[in-house]
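Scroll down for the structure; my scribbles are underneath it.
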Amino acid sequence: MKVRDRFLKKAWYAAALSSEVNAADLFHRKILGKSVMIYRLGDGTAVALHDRCPHRFAPLSMGKRVGDEVACPYHALRFDGQGQCTHNPHGQGHIPKAAKVDTFPLVEKYGFLWIWMDESEADLSLLPDYSPLDEGPETGVGFTYMNLPVNYELIIDNVMDLSHIDHVHGEIITTRGKLSPLVPRVHETDRTVSARWEWSQQPAMMIFAPFLPKPEEEARQYFDITWSAPASIQLTVAATQEPEGFENDINQYDLHTCTPADELETHYFFATRRNHVEDDAEYNAQKIAGMHAAFEDEDGPLVMAVQAEMGDEDFFSLNPVLMSNDVAPVKVRKLLTRMIETENHSSGGLAEATE
Amino acid sequence: MKVRDRFLKKAWYAAALSSEVNAADLFHRKILGKSVMIYRLGDGTAVALHDRCPHRFAPLSMGKRVGDEVACPYHALRFDGQGQCTHNPHGQGHIPKAAKVDTFPLVEKYGFLWIWMDESEADLSLLPDYSPLDEGPETGVGFTYMNLPVNYELIIDNVMDLSHIDHVHGEIITTRGKLSPLVPRVHETDRTVSARWEWSQQPAMMIFAPFLPKPEEEARQYFDITWSAPASIQLTVAATQEPEGFENDINQYDLHTCTPADELETHYFFATRRNHVEDDAEYNAQKIAGMHAAFEDEDGPLVMAVQAEMGDEDFFSLNPVLMSNDVAPVKVRKLLTRMIETENHSSGGLAEATE
Amino acid sequence: MKVRDRFLKKAWYAAALSSEVNAADLFHRKILGKSVMIYRLGDGTAVALHDRCPHRFAPLSMGKRVGDEVACPYHALRFDGQGQCTHNPHGQGHIPKAAKVDTFPLVEKYGFLWIWMDESEADLSLLPDYSPLDEGPETGVGFTYMNLPVNYELIIDNVMDLSHIDHVHGEIITTRGKLSPLVPRVHETDRTVSARWEWSQQPAMMIFAPFLPKPEEEARQYFDITWSAPASIQLTVAATQEPEGFENDINQYDLHTCTPADELETHYFFATRRNHVEDDAEYNAQKIAGMHAAFEDEDGPLVMAVQAEMGDEDFFSLNPVLMSNDVAPVKVRKLLTRMIETENHSSGGLAEATE
């Protein structure tokens, strides 16, 4: 019940990057406190099963593939991609009715494998549209993954309050102090919180300036960011030297998404698609490696220090002093809390009704 | 009370291999949650004391031997092998009445030091007879020890369900799939559970085939296994090419015994005596090293993964799907649970009666 | 409330050696369970602040100095040495009323920075006089620090019962068995416990013998030791060959002081001033290094083993067998317990009165 209380269950989480799960191997990841095994069938479709044999609880991901099936590493019960036991080498080979493994709906989109951890029917309409990641050459998009020993909401806070970038990060994405004074326009729906900042700076962020007509001169920029429940943030950042509008801007379209391993460990993924230098594989590799390093070296130590300082206390119970830059992340925390409470309440209702 | 609730107390546990406790040193081991010091008196007799000075709780095993006595490393109170304080260097040298250390009955047999952790009188009749380990040359018997971060019952499960060997272990002891289809004959007494499998395979297990008359041809084999409370399993495995019976078989007589350090840490010992190549010291060393490596490399990682997956949940509470190969280990778990419950209940009764 | 229950709060603890806090850096230490940042203002005065930004709880000690102020590493709120927020780079720069960081009174004396962790007014009269540490050349005094994963009272026990030195330490400070038989004179006040031992030994302790008129011959010696609440022990040890009195003795004046990081981690500091070889910097460095090594190599492993054996049990609840050498440390434990209980009780009363 503890996990249910703290995480939204009826939702899509990134279980893995598509590239993390190859054709041959059994992939393991802990998600919302549960061991999950993911592997690809012969036709390339990825499936997700509870990574626990129902016999003596060995992780199936330590087992062997037998075609599209997986044999438990301990006593060789075999299961198919639907979690059904198909072979029992013991005694007369009778397959017990209970010899089933839970499966989880899995959808492969935008370079990610998305998982639905709830027992209810998966609702594909709840997966946001990140199709811009798919549009363009392979060398114009990068993906990365890291694991952090922190609660996932601290990472969402980090991304939703972009005012930190002038203070935490280096020259390459500095706004030269222009971002912090701005109060973003914030917009909320029943499953999203968006914010947008616009400003001018001279020169533009170093990631964009070289690609603008006059690299040394002033440019107009924006950040546009949308959190969607439970833990995905789409972020676009752009620069232009046109007098108005952003039609021919230099930009990148990023997705940051967090998946709780448990309450104090998070799988953090991000992806970035840009509209410039799209065909340079080496530039592409450096780009995503640089973003990975920036988080790991700069945000990461801070977020971990905050986690250590907070312990297992709830954020609001510590009476944070909130400011204009907190509007978006606080709206996210409050909306997510309401959604979790609603889900728990209606599940409770359902449970009563069906008992 | 927690330890009492989960372990059988009125029972013999292997505290150490005889070879682990030499003539000079103070040996420490945690057993059933308690620190125990073991050392040998001048006449070779081993004694076991609570490894905690009653003064300021320093481990006596960090102290110094003074003949048959041990001086505490901190303030030099000295204790004899019966736990009696014999020397106090402080003040006028008065020895406080309470200056005593608990001792534990210890019996040296079959190459092991067996300990009785309960306060009741030790009952030697409860130590099973493993005298075959003593019979034969030194070069025909091997002993080993390893420490595992798992509950001891998971190791008992592993040994009691030998059907795992075709799936977990390599060519050297494969039954070529013959073992799993068999349902063993199981026999239960008030402190033991036995199982026996018989089959034919071609060739015999690699550990035996070279010593049979016709190494490449079919052989008849058996496993005979007896668990005795609390945590010892005697296992004989044999092969023969005679038409019937096992009188002139090639075999080995093994003892596996587990001693809980605590609920999630186990001392695992095993011994093996064989009736072939008995005089080859090098073969003997390789034999026991190979068995040690097989458990450490093959069973060990699985048992640890199962422990991680089970956390501190009770085995039956997780609703395992049980099969024909589980008959023996499940009978052990149930009998052991009943014995622990009976012990706790009668101890409770006794406590009430004497209060 | 847990910390309050186990530590004396209205008291001075050593937060750091003066030499640990330089002119430029932000210094972090956990004290009584709280993160504390210490740094020096431009005029050299050291200040202590809660090491937690009130915005999103990042440690300020990971931030940057801006003159006498510190900017938070995360979103750059800036605080002065009184904990007042002086700069907010966000939005219109409004400084929220609640944007304050708790500060702790800090006094620099005797080579230490002393901190008062309670919210009540700091009472300088409660800091004992250790001015002898200040008197004499720099090369006649040494300071050291170590961190130990034990409860601080176990270290106080260690120092208050000096009878351990013949059993734990080597030749250099042996009393040749003379100390243990002595029962010290013990004197108690409302915040102190003192003990004094006097004896003769031949030769004197090796740390003193070379500086006496007749190094090989008998000398009179004393230990004089005073614990002052909460956790400071002043210890003087001396040797003389005069027929009576200690007017021209060879001695050293030591201070041992413990600061709980939390219940199971202690900052242990000590200082030593001697009245001989006062002008030899190399001797001085070896002297304090030797004392550090003696504790780290000899007392430290014992105290840690005792902690492991005691777990989180209270000392008296384990029914220690107490002897003549325990008079002083037991008086300290009992007086400290009474002081903590009194403090909690009167705080409770105060809280009620002001609510």
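The values are calculated or read from the model by the stated rules, or taken from the named source; none is laboratory data. As the structure is a prediction and not an experimental result, all values here were calculated from the model. Cβ atoms come from the backbone with ideal geometry, glycine included; neighbour counts cover every protein chain shown. For the accessible areas, the whole protein counts, side chains as well, though only heavy atoms, and no ligand, DNA or RNA atoms are used. Shrake-Rupley method; radii C 1.70, N 1.55, O 1.52, S 1.80 Å.
By the Cβ distance rule of under 4.7 Å, chain A has these cysteines without a partner: A:C85, A:C258. Looking at the protein assembly as shown, the pairs of alpha carbons with a distance over 55 Å make up 36% of the total. Each copy carries a label point for A:P132 at 7 Å from Cα along the beta-carbon vector; from one copy to the others these points are 7.5, 7.5 nm apart, nearest first.
Relative to one another, the C-alpha centroids of region C:191-242 and region A:279-333 are positioned 57 Å apart.
The GluC sites (Glu not before Pro) found in region B:51-157 that occupy coil by DSSP, while having at most 11 further C-beta atoms within 10 Å, are B:E119, B:E121, B:E135. Structural size metrics of region A:123-271, computed from C-alpha coordinates, are Rg and Dmax of 16.1, 48 Å. Between helix C:281-294 and chain C there is an angle of about 90 degrees, using the helix long axis and the longest principal axis of the Cα atoms. If you find the alpha carbon centre of region C:138-176 and of region C:89-120, how far apart are they in angstrom? Using only Cα atoms, the two centres lie 34 Å from each other. Chain B versus the axis that turns it onto chain A: the residue with the nearest Cβ and the distance in whole Å amount to B:D312, 11. Within the straight-line cut-off of under 26 Å between alpha carbons, the lysines reachable from C:K331 are B:K97, B:K100, C:K2, C:K9, C:K10, C:K178, sequence neighbours fewer than 8 places apart in one chain being disregarded.
Comparing B:S18, B:S61, B:S131 in a Gaussian network model of chain B where C-alpha atoms under 10 Å apart are linked, the largest mean-square fluctuation is found at B:S131. Only DSSP H runs of four or more residues enter the estimate; each adds -39500 (n - 2.57), and after division by the residues of chain A the mean residue ellipticity at 222 nm equals -6000 deg cm²/dmol. The C-alpha atoms of chain B define a longest principal axis, and helix B:327-354 lies at about 20 degrees to it.
Directionally averaged projected area (region B:74-198, Cα convex hull): 13.4 nm².
Which value in Å is the Kirkwood Rh of chain A over different Cα pairs?
Kirkwood hydrodynamic radius for chain A: 22.2 Å.
For region C:9-90, the percent of C-alpha pairs falling in each 10 Å distance bin, counted from 0 to the bin holding the largest distance, reads 18, 53, 25, 3. Residue by residue, region A:240-249 carries 3J(HN,Hα) couplings of 8, 10, 5, x, 8, x, 10, 5, 10, 6 Hz when phi is fed to the Karplus relation 6.51 cos²θ - 1.76 cosθ + 1.60 (θ = phi - 60°); x denotes Gly or Pro. The candidates C:K30, C:K214, arranged from most to least accessible area with a 1.4 Å probe in the full protein assembly, appear as C:K214, C:K30. Each of C:Q92 and C:T139 was given a label point 7 Å from its Cα along the Cα-to-Cβ line. The distance between the two points is 6.5 nm. Annotation: peptides B:38-50, C:279-291, ranked by per-residue average of other Cβ atoms within 10 Å with the highest first, follow the order B:38-50, C:279-291. Between C:E341 and C:D68, the contour length at 0.36 nm per residue exceeds the Cα-Cα span by 94.4 nm.
Net charge in the neighbourhood of A:A293 (other residues with Cβ under 12 Å of its Cβ; Lys, Arg +1, Asp, Glu -1) is -3.
Taking Cα atoms of region B:17-151, Rg/Rh with Kirkwood Rh, to two decimals?
1.02
Note on chain B: with a GNM built from Cα contacts shorter than 10 Å, the maximum mean-square fluctuation among B:F27, B:F208, B:F316 falls on B:F316. Rounded, prolate or oblate: which fits region C:229-285 when a ≥ b ≥ c are the square roots of the eigenvalues of the alpha-carbon gyration tensor, with rounded for a/c under 1.5 and prolate only if a/b beats b/c? Because a/c hits 1.5 or more and a/b fails to exceed b/c, region C:229-285 counts as oblate.
Across peptide C:84-96, the average count of Cβ atoms from other chains found within 10 Å of a residue's Cβ is 4. Each pair of Cα atoms in region C:58-128 enters the Kirkwood radius, and Stokes-Einstein at 37 °C and 0.692 mPa s then converts it into a translational diffusion coefficient of 235 µm²/s.
For C:I155, C:I95, the ranking by accessible surface with the largest value first comes to C:I95, C:I155, using a 1.4 Å probe. Convex hull volume of the Cα atoms of region C:289-328, normalised per residue: 96 Å³.
Remark: mean inter-chain Cβ contacts per residue of A:157-163 equal 2, using a 10 Å Cβ-Cβ cutoff to other protein chain atoms. Relative to the longest principal axis of the Cα atoms of chain A, helix A:300-310 runs at roughly 70 degrees. Peptide packing: for C:264-276, A:293-305, the average count of neighbouring Cβ atoms within 10 Å per residue gives the ranking C:264-276, A:293-305, highest mean first.
Computed in the context of the full set of protein chains, the accessible area of the protein assembly as shown at 1.4 Å probe radius has 51% of its extent on carbon or sulfur. In order along region A:112-118, the phi-based Karplus estimate (6.51 cos²θ - 1.76 cosθ + 1.60, θ = phi - 60°) of 3J(HN,Hα) comes to 10, 9, 9, 10, 10, 8, 8 Hz; Gly and Pro are listed as x. Ordered from largest to smallest accessible area (heavy atoms of protein chains, 1.4 Å probe), the residues C:R333, C:R338, B:R52, C:R176 come out as C:R338, C:R176, B:R52, C:R333. When only Cα pairs under 8 Å and 6 or more residues apart are kept, what is the percent relative contact order across chain B? Rounded, it is 18 percent for chain B. A point 7 Å from Cα along Cα→Cβ stands in for B:T86, and the other copies hold the same point at 7.1, 7.1 nm, listed in rising order. Ascending distances from the C:E218 label point to its copies in the other chains, with the point 7 Å along the Cα-to-beta-carbon line: 9.5, 9.5 nm.
Across peptide A:75-81, the mean count of Cβ atoms from other chains lying within 10 Å of each residue's own Cβ comes to 3.
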